[in-house]
Every structure is written in C-alpha cells, then in structure tokens.
1. Just give me the residues in the stretch 368-394 being out of contact with any strand residue (DSSP E or B) (no Cβ under 7 Å at 6 or more places or on another chain) and surrounded by fewer than 19 Cβ atoms within 10 Å (Cβ to Cβ), in sequence order.
2. Tell me yes or no: at least one residue of the stretch 184-191 is modelled with pLDDT of 95 or more, within 21 Å of the chain's Cα centre (by Cα), assigned by TED's automatic domain parsing to the domain that holds I91 and of a type in the set (A, V, I, L, M).
3. Mind checking whether some residue in the stretch 24-42 is surrounded by 24 or more Cβ atoms within 10 Å (Cβ to Cβ), hydroxyl-bearing (S, T, Y), touching a strand residue (DSSP E or B) at 6+ places or on another chain (Cβ under 8 Å) and assigned to a strand (DSSP E or B)?
4. Based on what the data block shows, is F10 assigned by TED's automatic domain parsing to the domain that holds V120, among the aromatic types (F, W, Y) and surrounded by fewer than 24 Cβ atoms within 10 Å (Cβ to Cβ)?
5. Does the stretch 153-169 contain any residue that is under 20 Å from the mean Cα position of the chain (by Cα) and part of a helix (DSSP H, G or I)?
6. Could you count how many residues in the stretch 40-59 are of a type in the set (S, T, N, Q) and within 14 Å of I6 (Cβ to Cβ)?
7. Could you please find all residues in the stretch 94-105 being within 24 Å of the chain's Cα centre (by Cα) and of a type in the set (S, T, N, Q)?
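The values are calculated or read from the model by the stated rules, or taken from the named source; none is laboratory data. Remember, it's a predicted structure, so these values are computed and weren't measured experimentally. Positions of Cβ are backbone-derived with ideal geometry, glycine not excepted, and every protein chain shown enters the neighbour counts.
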Amino acid sequence: MRLGVIADDFTGSVDIAGFLVAGGMRTIMCSRPVVVGDSDAIVMSLKIRSIPKSEAVKQVLEALAFLQQAGCDRFYYKYCSTFDSTSEGNIGPITDALREALNCSTTLICPALPVNGRTVFHGYLFVKDELLSDSPMRHHPLNPMHDSKLARILSSQSTAKNGHIYYDVIAKGSIAVRKAIEELKADGVNNIIVDVIDDENLLVIAEATEDFSLVTGGSGLAQGIAHRWRERSGKTADLNAAFVVERRKAVVIAGSCSAMMQKQVAYYKKLAPSLSIDEQACLDDPEYAKIVAAWVLEHQDQVLAPMVYATRSPSELEENRKKFGDADVSSAIEQMFSRLTGLLADKGVQNFIIGGGETSGVVATTLGVDAYLIGRQIDPGVSWVRSLDGAYQLVLKSGNFGSVEFLEKAQEMYDGNQ
C-alpha cells in the first residue's frame, strides 16, 4: 500500500503527516506535484477549506490525479477534527467527488481525534466535554459551527445517503463493524459515520475498513492505518527524526483566534517580546509590514523568538466588526502577514512558528516551499517540518492544537533537545 492523503489546509497536512511518521510510515508532504522519492505515504497539502466548493473540488481532483500517478493505491481525504465547513461545503461535495472519481459507492466519515479531545458519540461530535456547537468553535470567524450532528451537516451539503455505526457496535470489534458496514452498503449508504471515543476504537475501525479505497476524516484514523500497515509489513515505528531542528533567526506569527491560541498567546507574551498587529494599519498603510519586520529583526537577540499576533477574543472580534464594518480585515491581515514573511525571509529569518491554518497557508505559500520533511511531534497533531532544501524550518499549527506552553515548547526542541 502507498497511501495518498489530500488535506484541506496546511496545518491539517502537518497534523496527519506527523501521525503517519510516528507510526513508522516514510512520509513526504507537498503543496504541488513534485518528484517524490521512496515513501510509504504522500500528503498533498491544499488550502481548500473555505474557498468556493467548485474550485475546491477541482483542486482535489487534480491532487488525486497526481497521487495516482505517483503510485498511491489508497486515499485519505483529511479535514479538520472539528469538521470545519458551512451549509454549502466543502466536506460533502469533496467527498462526493472523490467517491465518484474512485468509483466507490461508500466511504468513511471519521473526524475523531481522541488524543486532542475530539470524539464522536451517536453521530454527535464533541470537543472535550462539550458538543461541537457549544464549544468555542461556534465563534470561529470563517466557519462557525452551530450544529454537532454530523449527518445533518453533511445533508445540508450533499444529497449523499448517510448512515451510522454507533459505539455499541464499535466496542464489539472489527468483525462486528465489518458486518455493520456490509449492511449499510446493502442499504445504499454512501457516508458511514462512526462513533469513536478512544484510540482503541480507531484501531478497530482501521482494521474493519482496510479494503476501502477511500476513507475520510481527521488525523486520528491515520494512527490506526499506520498500526495496521506495520502489522502487515512487519516493520516497526522509526523513532529517529528526519532532521534535527536548528536554532536560527526566528519569528512567531499567531493568526488564529481560537480559544487555545488565545491561551498560548497570553502565556507566551509573558516570556518573549510581543507585538499586537494594528488592524487599521493593515487596511490603510502599505508600509506597515516594513515597520513590523523592523520590530521583529530588532528582537532577534532574545532566547525566545519575538511574536507578532492578530489573535483576538470573541468580544474583540465583535468590536472590530462594528468598527470596520464591511472592510475585509481578515484579508488585509493575511496580506500583511504575507509581506512580512517575505521581508523577514529576505533578512535571513529561517524559522517560522505559525499559529492558525489560514496564516500557515499564507506563510508557506509566500516562502515558496512546496515539499517538506516531517520532524518530531511537538504536541499531538503538530510537528516541526523542514523544506527539502533545508532553507526553512516551520511549525504550522492549527489554532486549536497544542498545550498552553506550546510556543515555548517548540523552541526547546532546538539542536536535538526533546
């Protein structure tokens, strides 16, 4: 088996690649078709979570064609463990397109990632002890999640038929799950939504779906797939990192407004120089990025990298909406972060620690990095990555992931420290 993964954003790509590497699979991550050497998995990193669904489907099918040409024979559509989407998509339409392209009538819907508190019970998605719709994800600035029932979300996006395998069946093991799958297939179900409350459930589901040419989900299922791959191949997990993270000129850029990112920013502000970006300047001052870049470069003599952040609380976001009206503040901030990245790279900054999926995409695209080696995980779902040419080392972190001390912890791994 050679696994081909299509991930819907940059941080999600790092997330699943890290779990595959931890499971022993030699993994390459790329953002465009490249020449791929010997590997067990290829992760194609796209930025399609919040774009029009027709364009998202187009990019996914192009990625699928590349992965097929690269010799992949099993496929994994990776989306966020909080099922980030809207009533229009893009999870449902993309899943439909992949099923059709691969000529498979049925696939798996498995967003769960128990190690980070994302579980599914009776088809409802939980974030730790809260329903998704009661969690901070209800305030997400791009994809606010107001429903926790996965089947309802999918039904608003697609006409595909949804079915469930609930926990009482999962708990009986892979044979029982396999029987339930066959019954659902016979009933014409296209999307099988599975309950997951712990990592053991993921192993059961991976074993029961080994013959699926397409699975979809968060990164949790990758743990089960890597486990089964090791059993089949007789290989063991390789604990040697693909590279040692080096201390270089660095910057922390926090663009996410998630609840965890707010905690991480608040913690890190006590430790390192920190600059809150000026939204008005992002909108009005084309030279603002130069000012911010100069500030970052002035603070390279510290043990911890300086941080530039646009992280805001829900109340602050609401104040900004009232203050700026119809102005596209988010785009202005992204454009400033892009210019800032380019300016810093030109001045020798090579380590970029990024918080937020959209911001990570902007930084990686600006740097022109299109293929990565995957290093050690810092926290579950987040690893250091390095461009194949060694020029840049990056942390591309989903806003929701990582411990409160994450931004400090990432830098404690320099020069082989763990």
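1. Of everything in the stretch 368-394, those that are out of contact with any strand residue (DSSP E or B) (no Cβ under 7 Å at 6 or more places or on another chain) and surrounded by fewer than 19 Cβ atoms within 10 Å (Cβ to Cβ) turn out to be G368, D379, D389, G390, A391.
2. Going residue by residue through the stretch 184-191, those that are modelled with pLDDT of 95 or more are 184-191.
Next, only the ones that are within 21 Å of the chain's Cα centre (by Cα) stay: none.
No.
3. There is at least one residue in the stretch 24-42 that is surrounded by 24 or more Cβ atoms within 10 Å (Cβ to Cβ), hydroxyl-bearing (S, T, Y), touching a strand residue (DSSP E or B) at 6+ places or on another chain (Cβ under 8 Å) and assigned to a strand (DSSP E or B).
4. Details: assigned by TED's automatic domain parsing to the domain that holds V120: yes; among the aromatic types (F, W, Y): yes; surrounded by fewer than 24 Cβ atoms within 10 Å (Cβ to Cβ): no.
No, not satisfied.
5. Start the filter on the stretch 153-169 by keeping residues that are under 20 Å from the mean Cα position of the chain (by Cα), which leaves 153-154.
Right, trim to part of a helix (DSSP H, G or I) and you get 153-154.
Yes, because at least one residue in the stretch 153-169 is under 20 Å from the mean Cα position of the chain (by Cα) and part of a helix (DSSP H, G or I).
6. Step one: filter the stretch 40-59 for residues of a type in the set (S, T, N, Q), giving 45, 50, 54, 59.
Of the ones still in play, those that are also within 14 Å of I6 (Cβ to Cβ) are 45, 59.
Looking only at that region, the number is 2.
7. Our first condition is that a residue be within 24 Å of the chain's Cα centre (by Cα); within the stretch 94-105, this holds for 94-99, 101-102.
Within the stretch 94-105, T95 is the sole residue that qualifies.
A quick yes/no check of all residues on (1) farther than 22 Å from T11 by Cβ; (2) surrounded by fewer than 16 Cβ atoms within 10 Å (Cβ to Cβ); (3) of a type in the set (A, V, I, L, M); (4) over 23 Å from the mean Cα position of the chain (by Cα):
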| position | (1), (2), (3), (4) |
| --- | --- |
| V245 | no, no, yes, no |
| K263 | no, no, no, no |
| A266 | no, yes, yes, no |
| K270 | yes, yes, no, yes |
| P273 | yes, no, no, yes |
| Q280 | yes, yes, no, yes |
| L283 | yes, no, yes, yes |
| A289 | yes, no, yes, yes |
